[in-house]
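Heads up: the structure comes next, in structure tokens.
The values are calculated or read from the model by the stated rules, or taken from the named source; none is laboratory data. Source: prediction; values computed, not measured. Cβ placement follows ideal geometry from the backbone for every residue including glycine, while neighbour counts extend to all protein chains displayed. For the accessible areas, the whole protein counts, side chains as well, though only heavy atoms, and no ligand, DNA or RNA atoms are used. Shrake-Rupley method; radii C 1.70, N 1.55, O 1.52, S 1.80 Å.
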Amino acid sequence: MSDTDPRPRPQYGEYATAEEQQARIARPDATDALSAGVSPEASTPRDRMPAVPPTTSAARPTRTADRVFAFVLLGYGLLTVLAAAPQMLDVGAFAQTLFQTLGVDAQLADPDSLRGWGVAGASVLVIGWLLTAWFSWRSLAARRLTWWIPLVGGILCNFVSGTLMVIPIMNDPVAWEALQRTVSG
């Protein structure tokens, strides 16, 4: 600027062009180049500058509460699987416990023939827990929000295994009729 210029001295780049402002914001080392009258592109080679800063899992924040909650849910799920899976293998005993809890006086016609349903229900719980733990571990390793994975996995696996255990009871006409009488009467 000359001494005869009537404008006040610029402060904080208010007279800088949009290109000059962008160059200084994007690359602080371009400030020196612009002050020296050199083009910022000439001062900093493009091959040294990444177009977008890399995002790695190390750059993501650690969520301690998320990790604790995920491990608590996985632990609770494991205890549930270890307690429920052996009981599901005996559909007759499972049905009797259900009937006693509901106050129904009924028995399954042939509980031994329904073992496959119990194996399917127990398998859903075990395999579902293993998949949930695997997905949770991968999410934790990538430092992503994880608490919801064991929650959704537990709800889904319990719903499917519970449905598999109720199907044989619904297909037994004597037991189903007794359940309907108890509920309606």
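So the values come out like this:
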{"quantity": "Single match in F135, F99 (criterion: at pLDDT 95 or above and either outside any helix (DSSP H, G or I) or aromatic (F, W, Y) (or both))", "calculated": "F135"}
{"quantity": "Of residues in the range 144-171 being β-branched (V, I, T), over 17 Å from D110 (Cα atoms) and in contact (Cβ under 8 Å) with a residue 40 or more places away in the chain, the one most open to solvent (accessible area, probe 1.4 Å)", "calculated": "I149"}
{"quantity": "Scan of the range 72-122 for residues that are within 19 Å of I169 (Cα to Cα), of a type in the set (S, T, N, Q) and either surrounded by 14 or more Cβ atoms within 10 Å (Cβ to Cβ) or touching a Lys or Arg at 6+ places or on another chain (Cβ under 6 Å) (or both), ordered by number", "calculated": "Q87, Q96, Q107"}
{"quantity": "Selection status of F135, open to solvent by 60 Å² or more (accessible area, probe 1.4 Å), touching a helix residue (DSSP H, G or I) at 6+ places or on another chain (Cβ under 6 Å) and closer than 28 Å to A65 by Cβ", "calculated": "yes"}
